[in-house]
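Report on one structure; see the data block that follows.
The values are calculated or read from the model by the stated rules, or taken from the named source; none is laboratory data. It should be emphasised that the depicted structure is a prediction, and the values quoted were computed from it without experimental measurement. Cβ atoms come from the backbone with ideal geometry, glycine included; neighbour counts cover every protein chain shown.
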């Protein structure tokens, strides 16, 4: 990514993610924003907890994108499903999705959703971690296969697309932020934006108009 030159009087809001789910969530706030995909190593190390790994990766994503902007607020986010200590990421394949849901059936899984907001001009970083405790119903093999074939949740952590048919997988969901399970905790994000002087509810956010959708 090349450094982007903008008027210093106006900041750019950047979503450092290639996720269409996070993009759709951020659009709810009605703020102009650009999208840039971070390129980082997303592997979890043996020396860190899953919650700390999610927070580290969220910040790493934001920082990786921030270096290409001179005056921007960059959003980084990461989510790891914690099934009794076992990390579950994006399944990618049908077989792995079925295996993940079989593993989670009848269990309570914590989805660690981490958020970072980096000011590229100052290097300042705001951080939040929102946990979602999700209790899965005891799912039959036929239910799991039917869900996977209908939803094809291969790009979702833990194979869960909760904003769609995936909601039927659960017995109970507990969280302080209903958008966290989808991948971008908007309550936490608006708090971090307010700390940076962004009045989310007012029409004039101070952000420059978006010029691209993905870089």
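Reported count of residues in the stretch 117-127, each being surrounded by 15 or more Cβ atoms within 10 Å (Cβ to Cβ) and not in a strand (DSSP E or B), is 1. Quick check: anything in the stretch 175-184 modelled with pLDDT of 90 or more, surrounded by fewer than 14 Cβ atoms within 10 Å (Cβ to Cβ) and more than 17 Å from residue 13 (Cβ to Cβ)? Yes: the stretch 175-184 contains one or more residues that are modelled with pLDDT of 90 or more, surrounded by fewer than 14 Cβ atoms within 10 Å (Cβ to Cβ) and more than 17 Å from residue 13 (Cβ to Cβ). Among the residues of the stretch 121-132, is there at least one that is out of contact with any strand residue (DSSP E or B) (no Cβ under 9 Å at 6 or more places or on another chain) and on the phi > 0 side of the Ramachandran plot? Yes, that holds for at least one residue.
In the stretch 136-158, the condition of being in contact (Cβ under 8 Å) with a residue 60 or more places away in the chain, crowded, with 18+ Cβ neighbours inside 10 Å and in a loop (DSSP other than H, G, I, E, B) is met by at least one residue.
Residues are listed down the side, and each one gets a yes or a no for (1) at positive phi; (2) within 15 Å of the chain's Cα centre (by Cα); (3) free of Cβ contacts under 8 Å to residues at least 24 places away in the same chain:
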| position | (1), (2), (3) |
| --- | --- |
| 49 | no, no, yes |
| 52 | no, yes, yes |
| 81 | no, yes, no |
| 92 | yes, no, no |
